[in-house]
Amino acid sequence: MYRMKKIRKYRLTEKGKITLIVICAVLLVTLVPIIRHLKAEAEPGPKASDIPTAEPTAVVEETAKPTPTPTPTPTPTPTPTPTPTPEETEIPTPTPKASVPLADEYIFSTDYEKKPYTVGNPDNTTDFVSGWTVAYSDGFGYGDLSWNRMGAIVEKGGSGIQSVRITRGGIPFNANSSITLTFSLSSDVNRKVQMAVIDGNTNNVLATGTMNASYEPHDQELTFRTNRYTNNAYVDFYIGNDGTGNTAEYHTVTVENFRIVSSNPVTGGIAIDQVGYPTIGQKRCTFSYDAGDMFDVVDTQGWVVYTGGIVGKKNDDYNSEYDSYGDFTPVSHSDTYYIRSQIGTVSNAFQIEDDPYTEMRDSLIRMLSMQRCSMDLDEWWAGGMSHLACHNYNAIIHGTYEYMDATGGWHDAGDYGKYIKTGAKAAADLLMAYLVNPDVWTDTISIPASLNGTADILDEVRYELDWMLKMQNSDGGVFNTVIPENMSEIELPEHDDQYLYVLTLETTSTADFAGTMALASIVFNDIDPVYARKCLTAAQRADEWLEDNPDVIDLVNPEGVNGGSYLDSTDNDGRFFTKTALWAATFKDEYLEQAKELFEKDPTCATGLSWNANGGYGRYLFLTAKDSDRIDPDFFNAMKKSLKSEADNILGIVNSNGYLCALDSYGWGSNSEALNNGVILSMAYDFTGNQKYQQGAAEQVHYVLGRNSLNVCYVTGFGSNTPSDVHSRVAKAKHTSLPGALVGGPDSYRDDKLTQALPDNTPPAKMYIDSFDSWSTNEVAVYYNSALIHMFARICE
């Protein structure tokens, strides 16, 4: 108030008045155009009828300056482009208008949504080879054979009815079984047909029959009983000269829909997914030897609900088998079924339902919880794997007198070591699984953090991420391992009181860490922004350390430390993963340019999804980032080409063996490698829409869940034939089994004494032993489970 009173006492001089008038004039001149512009924007434009039409004017967009209408030029006739075949058809890259702003943060692109899965009728003719033959002695005939029809053209009947025959062997019968043969018989002349069932090992005749054949097909049946087991029975239809004039010359005989049904059938030799098949999607079984030309799908009431051909018969060097497969995709009703081959062998029962993998998904994640270190595993959720907190003391940084907190995280495998390389791979799988399909994961798995409002898969991966953050050094580099001094005894982890050592700052481990942390920052951004920022900061600090250490650092365990180790020969893949993930997390151009430089020098750096080749995570993050196709079209196309090329190579391997397995060699952790390759196929499906990739991906799940040459469901606690003595110290010490664990699978490198003891001629895909002592084939590992978890995110709705 005092200041206002003081101001009122002032009086303007003549000079001041003139100055004030000048200032007001300047302000008026300045403000009038601005006011007019604002008024023009506030008022609606003129109606179309109000615009003069006498003289055309150029069209103006928004406030752009008018430009003269260009002189029209002739439009060249476009060169027609060839229409791609269905297998080559790709989802077109979207081309939004330039006026649409580019994304400035990672948004999972919806431009490549999966097409609904559609399949046609199974192909029962391509790659069909019959197991039946037409044989003759002094007569002559030949076959006209299809998957459900054995046609014989008899050109010369010979001297007797056995001069020409339709035949096949290799049919197994169990002892004390009632065997029924059913079929339809016809001929274009009226004649008699004799048949016989003979034990090929002893030449004993098991059954005979005589029947009349005419132009009209008639159903026939022959029943007999076996007294002993045989693996090589023959069935012969004698169609030579039956003594009448009609059968001595040219005529045809046809046997259709031949089946053998046994009261005590031989099981085995038919591999199926023992956990089940989704109602939507291709469904196949594999026959490990010639089981005939057709098969039935039989329900629990004994009704045949589908019959199809057995096709694709070929020698499989990986399994030393003559494999073939049956496709029963049309069976989509939820029920329990089994497969019965034409020669009477049967498979184990299996389910078809909308989502047969719900329980297994939960169990796979719960297994990771049971691998937790440094906390009590309570019986209410861990069951037989419960134990007290372990290794909850500081570890020594090897080569120093310093201690650091390295508690938490997952025990990597059956021992008590914890490793950044494999932990980062496992964490990346879980993060990616949530990113691509968040709706399939629940908060009700029954792990310590369940029912907290966050999907349990994220709660579980966060437990590992928290440990990884502790492994980062103050300079940004990351230690690769924390392990006991020696491999632990068969004892509970709380009793393992050895010194713990933190080993070696490595560029390989640091790069894997950085890529995974950047991915975590993306996934957690909308769930816990503070935690997401923490992960991003850790990733950036690790990346800076990598820039200061351009050469590969990957070291063996120091002398005196006898725990496990994971050695890698390159860090290019991890660096590429890091750069692309950091770009996706920040959209900073510098990261993308650095990723492009890495790819230009080494295109393989963008491939793979394993612990020692993980560039594929970065490639996928770039491709799925909204607007990446407009931000850098050339690099986008290069990444698509890289992905498709890798997927095509994998698909060639899938189609080269009877079990459709994506492996051309079987090494340590072969099951996880098959699944990693399956994920790459599914990624290719995202960007091509070609369902051959997605089906090839699903086949890898079927492979590890039982459709393999050993007829083993490699996940403990599931299927009709599952590992029972896995390499887990906790399980062994507690005389129990670790449920929901995917074991490593066949390993043809014979890294342990048991596989070394297998015969030298054991095929690669059968180098597996269900024993704790077979640590190369029956060990469990968190990154085995994570690969299957990632796969489920891609094939489950």
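The values are calculated or read from the model by the stated rules, or taken from the named source; none is laboratory data. As the structure is a computational prediction, the values presented were derived from the model and not from experiment. Neighbour counts run over all protein chains shown; Cβ positions are idealised from the backbone, glycine included. Just the protein is used for accessible areas: all its heavy atoms, side chains included, with ligands, DNA and RNA removed. Shrake-Rupley method; radii C 1.70, N 1.55, O 1.52, S 1.80 Å.
Looking at (1) closer than 22 Å to residue 421 by Cβ; (2) not in a helix (DSSP H, G or I), which is the only condition residue 784 fails?
(2)
Can you find even one residue in the range 108-122 that is among the aromatic types (Phe, Trp, Tyr), modelled with pLDDT of 90 or more and buried (at least 17 other Cβ atoms within 10 Å of the Cβ)?
No; the residues of the range 108-122 include none that is among the aromatic types (Phe, Trp, Tyr), modelled with pLDDT of 90 or more and buried (at least 17 other Cβ atoms within 10 Å of the Cβ).
Are there any pairs with C-beta distances below 8 angstrom linking a residue in the range 698-720 that is over 15 Å from residue 663 (Cα atoms) and free of Cβ contacts under 8 Å to residues at least 60 places away in the same chain to a residue that is buried (at least 24 other Cβ atoms within 10 Å of the Cβ) and of a type in the set (Phe, Trp, Tyr), with the two at least 6 apart or on different chains, and if so which?
Close Cβ pairs satisfying both conditions: 710/768; 712/768.
Would you confirm whether or not the range 663-675 contains a residue that is assigned to a helix (DSSP H, G or I), farther than 29 Å from residue 509 by Cα and open to solvent by 10 Å² or more (accessible area, probe 1.4 Å)? Step through it out loud before you land on a result.
Here is the first cut: in the range 663-675, the residues assigned to a helix (DSSP H, G or I) are 670-675.
Restricting the remaining residues to those that are farther than 29 Å from residue 509 by Cα gives none.
The answer is no; no qualifying residue exists.
Is it the case that residue 344 is out of contact with any Asp or Glu (no Cβ under 9 Å at 6 or more places or on another chain), in a strand (DSSP E or B) and surrounded by 20 or more Cβ atoms within 10 Å (Cβ to Cβ)?
So residue 344 does not fit the description; no.
Tell me the residue from 724, 771, 709 that is open to solvent by 40 Å² or more (accessible area, probe 1.4 Å), closer than 24 Å to residue 267 by Cβ, in contact with an Asp or Glu (Cβ under 9 Å, 6 or more places away or on another chain) and among the hydroxyl-bearing types (Ser, Thr, Tyr), please. Step through it out loud before you land on a result.
Values: 771 fails: open to solvent by 40 Å² or more (accessible area, probe 1.4 Å); 709 fails: open to solvent by 40 Å² or more (accessible area, probe 1.4 Å).
After ruling out the rest, the residue left standing is 724.
Can you give me the number of residues within the range 347-366 that are under 19 Å from the mean Cα position of the chain (by Cα) and either of a type outside the set (S, T, N, Q) or buried (at least 18 other Cβ atoms within 10 Å of the Cβ) (or both)? Can you show your working first?
At the first step, the residues of the range 347-366 found to be under 19 Å from the mean Cα position of the chain (by Cα) are 354-365.
Applying the additional criterion that residues be either of a type outside the set (S, T, N, Q) or buried (at least 18 other Cβ atoms within 10 Å of the Cβ) (or both) yields 354-357, 359-365.
So the answer is 11.
Residues checked against (1) open to solvent by 20 Å² or more (accessible area, probe 1.4 Å); (2) without any contact (Cβ under 8 Å) to a residue 24 or more places away in the chain; (3) more than 28 Å from residue 793 (Cβ to Cβ); (4) in a helix (DSSP H, G or I):
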residue	(1), (2), (3), (4)
431	no, no, no, yes
435	yes, no, no, yes
460	no, no, no, yes
463	yes, no, no, yes
483	no, no, yes, no
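Identify, from the list 608, 616, the residue that is open to solvent by less than 20 Å² (accessible area, probe 1.4 Å) and assigned to a loop (DSSP other than H, G, I, E, B). Spell out the reasoning first.
Values: 616 fails: assigned to a loop (DSSP other than H, G, I, E, B).
That would be 608, the only listed residue that is open to solvent by less than 20 Å² (accessible area, probe 1.4 Å) and assigned to a loop (DSSP other than H, G, I, E, B).
Considering only residues that are part of a loop (DSSP other than H, G, I, E, B) and without any contact (Cβ under 8 Å) to a residue 24 or more places away in the chain, look in the range 191-222 and name the one that is least open to solvent (accessible area, probe 1.4 Å).
Only one residue tops the list, namely 204.
How many of the residues making up the range 566-605 are assigned to a loop (DSSP other than H, G, I, E, B), closer than 16 Å to residue 424 by Cβ and open to solvent by 10 Å² or more (accessible area, probe 1.4 Å)? Before you say what the answer is, go through the steps one by one.
Filtering the range 566-605 for residues assigned to a loop (DSSP other than H, G, I, E, B) gives 566-571, 587-588, 602.
Those left that are additionally closer than 16 Å to residue 424 by Cβ: 566-568, 570-571.
Within this subset, residues satisfying the condition of being open to solvent by 10 Å² or more (accessible area, probe 1.4 Å) are 566-568, 570.
Matching residues across the range 566-605 total 4.
Filter the range 223-234 down to the residues that are part of a strand (DSSP E or B) and touching a Phe, Trp or Tyr at 6+ places or on another chain (Cβ under 8 Å), then identify the one that is nearest to residue 194 (Cα to Cα). Quick ask: steps written out before the conclusion?
Filtering the range 223-234 for residues part of a strand (DSSP E or B) gives 223-225, 230-234.
Now restrict to residues that are touching a Phe, Trp or Tyr at 6+ places or on another chain (Cβ under 8 Å): 230, 233.
Working: 230: 22, 233: 17 Å.
Among those that are part of a strand (DSSP E or B) and touching a Phe, Trp or Tyr at 6+ places or on another chain (Cβ under 8 Å), it is 233.
Working only within the range 176-190, note down all residues that are over 24 Å from residue 295 (Cβ atoms) and open to solvent by 10 Å² or more (accessible area, probe 1.4 Å). Before the answer, list the steps.
Filtering the range 176-190 for residues over 24 Å from residue 295 (Cβ atoms) gives 176, 187-190.
The answer is 176, 188, 189, 190.
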